[in-house]
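Following: one structure in structure tokens, then a few remarks.
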Amino acid sequence: MNVGRASRRSLAKLISAFAGARVVTAAGESELDLPEQAIYYANHSSHLDFLTIWAALPAGLQQRARPVAAKDYWGSGVRKAFAEQIFNAYLVERHGSSSHRQRTSDSGVSPKGQVEGMAEVLAAGDSLIIFPEGTRGDGETIAQFHGGLYKLARLHPEVPVVPVTLANLGRILPKGERIPVPHLSTVIFCEPLHLAPDEDKSTFLARARQVLVEGLAKHQGPQSADTARQDDGGSAPRSHPGQDNL
Amino acid sequence: MSDWELGLLDSSSLKLLGGVVVVLVVATVIAWLLGRRLGPMSTIVNLKQRINAWWLMVALIGAVLAAGETVTIVLFLLLSLLALREFITISPTGRGDHKVLVWLVFIIPAVHYWFLWEHWYGMFSVFIPVYAFLFLPTRNALAGQTAGFLQRTAAIQWALMVCVYALSYAPALLQLPLAMEAGRDAAEGSAPGTGGATGAHLLLFLLIVVQGSDVLQYVWGKTLGRHPIAPSVSPNKTWEGFIGGVLSATALGAALWWITPFNPLMAALLALISCVMGFAGGLVMSAIKRDRGIKDFGSTIPGHGGIMDRLDSLCFAAPVFFHAVRFFYT
């Protein structure tokens, strides 16, 4: 399988090069120190998201990292072959329509089996790449998280939960577009989170989401002219990137 | 040795590249000695990275010139695309601009460089400033997003002008010699490569003078720089660096007159114009970076930053150098 491995590595290099992806830690280091097994979760704005995280992982970890992808999009035809054969994706059913906002508030919202299936992947020793927002956003804001991340962290407290901030990928291939336009992007692997013993779901999810919100505020490219705040004026140097939060 | 030729390279170009290699060897040795004396300071690490990147860039330009005009044009097309990617990343474009960006990246540069490759001077010189300039805002208006329309459109047009149009004047120098010898009409539509070694001399002259000017401004600025020219734009650009760098690079250009079709005085004058334009390019790009709150356009070239951080001066110098030569010599 060396040919397969080599070609996967080449594919990973190709994806990273196209996405112009700079891979760093939260402290800005280029040397990653990632755990053997992890639940990677990230903000979601583009179909390129899981490809880019997958491509950014070191070779040894990449083999055992399984992106969780929606069966309704990736579950048939060429996409299925692509997702399953090359990326070893774990396909899940999405509950109903993601536009049903009220469903995000009830507990877990996953149909039976979804979280259990992902937990089995973890039990087998593989890592997961998940997008707790459930659906792609506009790349500038991060939606509320679904409960799956919390359930997984509860079921497998021994597996570190690693936040991954993806900056600018939504500009390469925004939702609804078909042709990716190259921009430079950044993949930031943040410090692992650990679920506190008595931490409840909403606290944990809020904490997990906050890491991404802060990372995005720090690394996202310029705000587009149509969403830039009035007082920013688009001209002041951003000497304090931290204050520019969403 | 005088008849030796490989692609666009002849023995004179080889001497020139040899001279650059000697300078790089000296620089490498100095950086190594400094590193041993001072330890791994960040300035020394950066200096070594910069010099290593210069080795690669010189090898690359030598290789593409040896491979001929077509390969050289392809290299500059790729550089344009990489620069464009950096430029639109820092531009305030939104989701409504996506379809216009597809034109900007995938269609217009290819068409423009095609005209360049065909030596179709008329189309090469007007395609972007006239047709693409008017087309892009029209396409964007059709997309229907009006908020920030002028800023978004202007940024997109700027990206195209600087990263594609201006930069492409560097490989366009390769087709000037025929126009200088046989006239502009004869040059129109001539085959790629007809500029021969003389075209490569023009390109190498411009590259060495402009990039040399950058390096010399850096050296003069680091050693003697006291009075910043525009501190709110770039604290590193000083009068001492500017004057010292431009004058010494002008002298360098004059000393290279033997490789060009110019006499020493004209070589000096053209070098001076190119260096001043190169400085202007660096200054303008610094202002853009400062506005966007970034230090570098990217991290493609270790020690230098992004592609645009290295090519900013060339983008401003190449069109003016091209048109000055075309005006006075054809």
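For segment A:32-50, how many residues meet the condition of being within 20 Å of A:L184 (Cβ to Cβ) and modelled with pLDDT under 90? Lay out the reasoning, then the answer.
Narrowing segment A:32-50 to residues within 20 Å of A:L184 (Cβ to Cβ): A:32, A:42-50.
Checking the rest, the ones that are also modelled with pLDDT under 90 come to A:32, A:45-48, A:50.
Here the count works out to 6.
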If we scan segment B:122-134, do we find a residue that is free of Cβ contacts under 8 Å to residues at least 40 places away in the same chain, of a type outside the set (D, E), surrounded by 19 or more Cβ atoms within 10 Å (Cβ to Cβ) and within 14 Å of chain A (Cβ to nearest Cβ)?
no
Index of the failed condition, B:G298 passing every other in (1) assigned to a helix (DSSP H, G or I); (2) surrounded by 21 or more Cβ atoms within 10 Å (Cβ to Cβ)
(1)
Got at least one residue in segment B:251-271 being farther than 29 Å from B:F327 by Cα, touching a residue at least 12 places away in the same chain (Cβ under 8 Å) and of a type in the set (A, V, I, L, M, F, W, C)?
no
Restricting attention to segment B:270-282, does a residue exist that is crowded, with 22+ Cβ neighbours inside 10 Å and within 14 Å of chain A (Cβ to nearest Cβ)?
no
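Restricting attention to segment A:208-246, which residues are at pLDDT 50 or above, among the small types (G, A, S) and either more than 23 Å from the chain's Cα centre (by Cα) or assigned to a loop (DSSP other than H, G, I, E, B) (or both)?
Residues of segment A:208-246 at pLDDT 50 or above: A:208-224.
Filter again for among the small types (G, A, S), leaving A:208, A:215, A:217, A:221, A:224.
A:G221, A:S224 - these are the residues of segment A:208-246 that are at pLDDT 50 or above, among the small types (G, A, S) and either more than 23 Å from the chain's Cα centre (by Cα) or assigned to a loop (DSSP other than H, G, I, E, B) (or both).
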I'd like to know if segment A:177-196 contains one or more residues that are at positive phi and within 14 Å of chain B (Cβ to nearest Cβ).
no
Conditions (1) under 17 Å from the mean Cα position of the chain (by Cα); (2) more than 12 Å from A:A42 (Cα to Cα); number of the one not met by A:V162
(2)
Any hit, segment A:65-84, residues being assigned to a loop (DSSP other than H, G, I, E, B), at pLDDT 85 or above and closer than 14 Å to A:D126 by Cα
no
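What about B:S286, is it more than 30 Å from B:E181 (Cβ to Cβ), without any contact (Cβ under 8 Å) to a residue 24 or more places away in the chain and either out of contact with any Lys or Arg (no Cβ under 6 Å at 6 or more places or on another chain) or within 14 Å of another protein chain (Cβ to nearest Cβ) (or both)?
Numbers: more than 30 Å from B:E181 (Cβ to Cβ): yes; without any contact (Cβ under 8 Å) to a residue 24 or more places away in the chain: no; either out of contact with any Lys or Arg (no Cβ under 6 Å at 6 or more places or on another chain) or within 14 Å of another protein chain (Cβ to nearest Cβ) (or both): yes.
When the stated conditions are applied, B:S286 does not pass them.
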Set A:L152, A:L205: member being modelled with pLDDT of 90 or more, over 14 Å from the mean Cα position of the chain (by Cα), within 20 Å of A:W54 (Cβ to Cβ) and away from every other protein chain (no Cβ under 14 Å)
A:L152
Can you tell me which residues in segment B:55-97 are assigned to a helix (DSSP H, G or I), of a type outside the set (A, V, I, L, M, F, W, C) and more than 14 Å from chain A (Cβ to nearest Cβ)?
B:G62, B:E69, B:T70, B:T72
For B:G303, all conditions in the list (1) in contact with a helix residue (DSSP H, G or I) (Cβ under 8 Å, 6 or more places away or on another chain); (2) among the small types (G, A, S); (3) part of a helix (DSSP H, G or I); (4) touching a residue at least 24 places away in the same chain (Cβ under 8 Å) hold save one; what is the number of the exception?
(3)
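Restricting to segment A:155-176, give me the number of residues that are among the β-branched types (V, I, T) and within 14 Å of chain B (Cβ to nearest Cβ).
Applying the first criterion (among the β-branched types (V, I, T)) to segment A:155-176 yields A:159, A:161-162, A:164-165, A:172.
Still in the list and also within 14 Å of chain B (Cβ to nearest Cβ): A:172.
So the count comes out to 1.
Which of the helices (runs of 4 or more DSSP H) found entirely inside segment B:176-277 contain at least 1 residues meeting this: among the polar types (S, T, N, Q)? Can you show your working first?
Numbers: elements: B:176-182, B:184-187, B:196-224, B:239-255.
Where helices (runs of 4 or more DSSP H) fall fully within segment B:176-277 and carry at least 1 residues being among the polar types (S, T, N, Q), they are B:196-224, B:239-255.
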Could you check, for segment B:55-72, whether at least one of its residues is surrounded by fewer than 19 Cβ atoms within 10 Å (Cβ to Cβ) and among the aromatic types (F, W, Y)?
yes
Any chance you could count how many residues in segment A:185-208 are touching a residue at least 24 places away in the same chain (Cβ under 8 Å) and touching a strand residue (DSSP E or B) at 6+ places or on another chain (Cβ under 9 Å)?
13
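Looking at B:V102, is it without any contact (Cβ under 8 Å) to a residue 60 or more places away in the chain, closer than 29 Å to A:R171 by Cβ and within 12 Å of chain A (Cβ to nearest Cβ)? Break it down into steps so the answer makes sense when it comes.
Working: without any contact (Cβ under 8 Å) to a residue 60 or more places away in the chain: yes; closer than 29 Å to A:R171 by Cβ: yes; within 12 Å of chain A (Cβ to nearest Cβ): yes.
So B:V102 fits the description; yes.
The values are calculated or read from the model by the stated rules, or taken from the named source; none is laboratory data. Since the structure is predicted, the reported quantities are computational estimates derived from the model, not experimental observations. Cβ coordinates were reconstructed from backbone atoms using ideal geometry, including for glycine residues, and neighbour counts include every protein chain displayed.
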